[in-house]
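Following: one structure in structure tokens, then a few remarks.
The values are calculated or read from the model by the stated rules, or taken from the named source; none is laboratory data. From a predicted model like this one, the values you see are computed outputs, not experimental measurements. Positions of Cβ are generated from backbone atoms using ideal geometry, with glycine treated the same way; all protein chains shown enter the neighbour counts. Ligands, DNA and RNA are stripped out before the accessible areas are found, and what is left, the full protein with its side chains, is counted by its heavy atoms. Shrake-Rupley method; radii C 1.70, N 1.55, O 1.52, S 1.80 Å.
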Amino acid sequence: MSNRAKVAVAGVVAAAVLWPLIGFWWALLVVIGVPVAGYLLLDPSQRRRLRRINRKEIGR
């Protein structure tokens, strides 16, 4: 299983667990907000590296 697939499965599991506990909109905010916050906390050089790696994988 690829890393992207693992991340997708983890996101679905997190949403499924959070949804009944805190409601749909809060669960959606957590599932989308946490990765976005993590990306924004990266240095500009780390963001460039991450974008470069993602582009290289698209060409496979």
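What the chain shows is 88 Å² of accessible area per residue, with the surface traced by a 1.4 Å probe over protein heavy atoms. Each Lys and Arg Cβ is given +1 and each Asp and Glu Cβ -1; about its Cα centre, the chain then shows a dipole of about 520 debye. Principal axis extents of the Cα atoms in the chain, from largest to smallest and rounded to whole angstrom, are 38, 28, 12.
Helix screen, the chain: DSSP H segments with Cα axial length of 20 Å or more and mean Kyte-Doolittle hydropathy at least 1.6 are 24-40.
For Asp43 and Val7, the difference between the fully extended length at 0.36 nm per residue and the C-alpha to C-alpha distance is 10.8 nm.
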